[in-house]
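See below for the structure under consideration.
Taken together, the values in this text are just the output of simple stated rules run on the coordinates, not laboratory data. Worth saying up front: this structure is predicted, and the values here are computed from it rather than measured. Every residue, glycine as well, gets a Cβ built from its backbone with ideal geometry; the counts of neighbours run over all protein chains shown.
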Amino acid sequence: MRINFKNLTVQVLIAIVLGIIVGATFPEFGAKLKILADIFIKLIKMLIAPIIFLTVVIGIGSMGDVKKVGKIGGKALIYFEIVSTFALAIGLIVVNIVKPGKGFNTAAANGADVSQYTEAAAATEHGIGAFIMQIIPDNVVGALANGELLPVLFSAVLFGIAAAAIGEPAKPVIKFFEQVADIFFKIVNMVMKVSPIGAFGAMSYTIGNFGLKSLGNLGFLMLSVYITMFIFIVVIIGLITRYFGFSIFKFIKYIKDEIFIVIGTSSSESALPSMMRKLENYGCSKQVVGLVIPTGYSFNLDGTSIYLSMAAIFIAQAYGVDLDVWHQITLLAILMLTSKGAAGVTGSGFITLAATLAAFPMIPVEGIALLIGVDRFMSEARAVTNLIGNGVATVVVSKMEKEFDPEQEKRALAGEVTTQQ
């Protein structure tokens, strides 16, 4: 079989392998290549806020039916809550069965600097009131400028609802926004061409900084997390996709480019713009994609939920903290809230874990130091799980709302429909 080196997936895979080789052979040099990954992720992040704002406004504004917007949003949020709760529960069940933290030498945490995470967690307010206040921006322009996902989403929803309520007179504005969105997606396509460089830098840094041996120290926990996420995707998500009439394996194959980009960068946000376009090409309506995907990046982080529940219990096991059923139910309730504030960027899951432990004092927050060396590796698994979970959620809501084109799906799976360039 002839390898197509012009294919983005092939280029990203080659970049990942080269990154591992460089990081292992020249660790000091490899660690410095993190700048390449940071540049790529920053290029993507500069486009996220305007693309989400434009896509949500276009999706809602073009509906012309405010009730339909509420219906789609309501179904999406119910779906998010049910599935992410399943993810948290599965993580708790598996980590209690395999007990990866039992007998762990907690001296490994001595001397590790966790201040950046504990300070970030302390600076984050928790509770329903604080969460609502974080959603409402001080001003729309400021939210866009700072790339604050939830405030941008909130502003876009209000703008879109107002445009839908105005109706025909607002159509020229929506049309203008569609043209602007096309320009931004063209920029995304330009940026994606350098994604292999970002993947190379990320993998070189990871191996160079932590070394190949770092995989062995907490390998059992990593293996447990990977297996749990695999079970979640194949069994839970697989059953959902089967019920709604599509295959999880065919869907994963369809979004393989985005998955490899996420693996290379450890950030599910790096694939968000192209994922949105691909879901439209898959048969989902622009309206549903524009509303469900951005919302899912704050309310449906299945991979992060699994990681948080398993990491918290792992630390408890490592420190010999015995948690009974009611303690774990309480922890689950806290995680149901804190996991909703975790953004899809590298390191956010770690900060959210620190925030969770700060709200659950039975588990020592300094225990997060045990995970510093391997968090980077687990972040890739949770980012991929987040990506797949949100993609499936979009297709499911589209099918529930009869906003899905099955003929378009067949053409997309057959390779007859490609992402617009």
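Quick notes on this structure:
- Spin-label model, ALA145/ILE187: points 7 Å from Cα along the beta carbon direction are separated by 1.6 nm.
- Distant-in-sequence amide H partners of CYS284 (H built 1.01 Å from N, under 5 Å): ASP405
- Taking packing as the residue-averaged number of other Cβ atoms within 10 angstrom, the listed peptides 178-188, 194-204 run from highest to lowest as 194-204, 178-188.
- Ordering 306-317, 36-47, 68-79, 239-250 by mean Cβ neighbour count within 10 Å, with the highest value first, yields 306-317, 36-47, 68-79, 239-250.
- Gain upon complete extension [THR25, LEU77; 0.36 nm per residue less C-alpha separation]: 14.0 nm
- Cross-link partners of LYS75 among lysines (Cα-Cα below 20 Å; sequence separation of 8 or more within a chain): LYS67, LYS286, LYS340, LYS399, LYS402
- Vicinal HN-Hα couplings computed from phi for region 33-46 (Karplus, 6.51 cos²θ - 1.76 cosθ + 1.60; Hz; Gly/Pro x): 7, 4, 4, 5, 5, 4, 5, 4, 5, 5, 4, 5, 4, 5
- Mean Cβ count within 10 Å, highest first, over the residues of peptides 222-235, 260-273, 16-29: 260-273, 222-235, 16-29
- Magnitude of the charge dipole, region 158-293, Cβ model with Lys/Arg +1 and Asp/Glu -1, debye to 20: 280
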